[in-house]
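Notes follow the structure.
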Amino acid sequence: MTDKSYNHWGSMSDRALAKHIGAFIKHHRMQQNKTQDILATEAGISRSTLSLLERGETVNLSTLIQVLRVLDQLNIMNSFLVQESISPLELARLEKKKRKRASGKHTERSTPTNW
């Protein structure tokens, strides 16, 4: 895998992105000193399917996930985290409902009888 840093993922073709993913898989397989046969067996896929993936050919999404799991690379899923955000209108509505001050109503406090 090259040390190129891609900052413009949107400008890359689908084919180029698939090849980049394939290079990522191959790089990490080689780093772990695994043959295609070993990795494919561990992932529960055929060697030819792994070969397709490494070449950037079309494979099933579950195949990619299985291979990433075996390579211990599921940390890239952090890029897909979804953070729920509240709309400004909803935030304003919630702020309006918040208490602004104490009511000032006195409640009787129970005093202990032994005072």
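Return a yes/no flag: does segment 42-59 have any residue that is more than 29 Å from His8 (Cα to Cα), surrounded by fewer than 16 Cβ atoms within 10 Å (Cβ to Cβ) and of a type in the set (A, V, I, L, M, F, W, C).
There is no residue in segment 42-59 that is more than 29 Å from His8 (Cα to Cα), surrounded by fewer than 16 Cβ atoms within 10 Å (Cβ to Cβ) and of a type in the set (A, V, I, L, M, F, W, C).
Yes or no, residue by residue, for (1) under 20 Å from His20 (Cβ atoms); (2) touching a Gly at 6+ places or on another chain (Cβ under 7 Å); (3) of a type in the set (A, V, I, L, M):
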position: Asp37; (1), (2), (3): no, no, no
position: Ala40; (1), (2), (3): no, no, yes
position: Ser48; (1), (2), (3): no, no, no
position: Ser51; (1), (2), (3): yes, no, no
position: Glu54; (1), (2), (3): yes, yes, no
position: Val59; (1), (2), (3): yes, no, yes
position: Ile65; (1), (2), (3): yes, no, yes
position: Gln73; (1), (2), (3): yes, no, no
position: Val82; (1), (2), (3): no, no, yes
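Condition first: in contact (Cβ under 8 Å) with a residue 12 or more places away in the chain and polar (S, T, N, Q). Now tell me which residues in segment 46-84 satisfy that.
Hits for segment 46-84 are Thr49, Ser51, Thr58, Thr63, Gln66, Gln73.
Looking only at segment 92-110, decide whether some residue is touching a Gly at 6+ places or on another chain (Cβ under 9 Å) and of a type in the set (Lys, Arg).
no
Any chance you could count how many residues in segment 70-107 are exposed (fewer than 10 other Cβ atoms within 10 Å of the Cβ), among the polar types (S, T, N, Q) and within 31 Å of the chain's Cα centre (by Cα)?
Residues flagged as exposed (fewer than 10 other Cβ atoms within 10 Å of the Cβ), among the polar types (S, T, N, Q) and within 31 Å of the chain's Cα centre (by Cα) within segment 70-107 amount to 6.
The numbers here are math on the coordinates, done by the rules we state, and not lab data. On a predicted model such as this, the values are computed, not experimentally measured, just so you know. Virtual Cβ from ideal backbone geometry, glycine too; neighbours counted across all protein chains shown.
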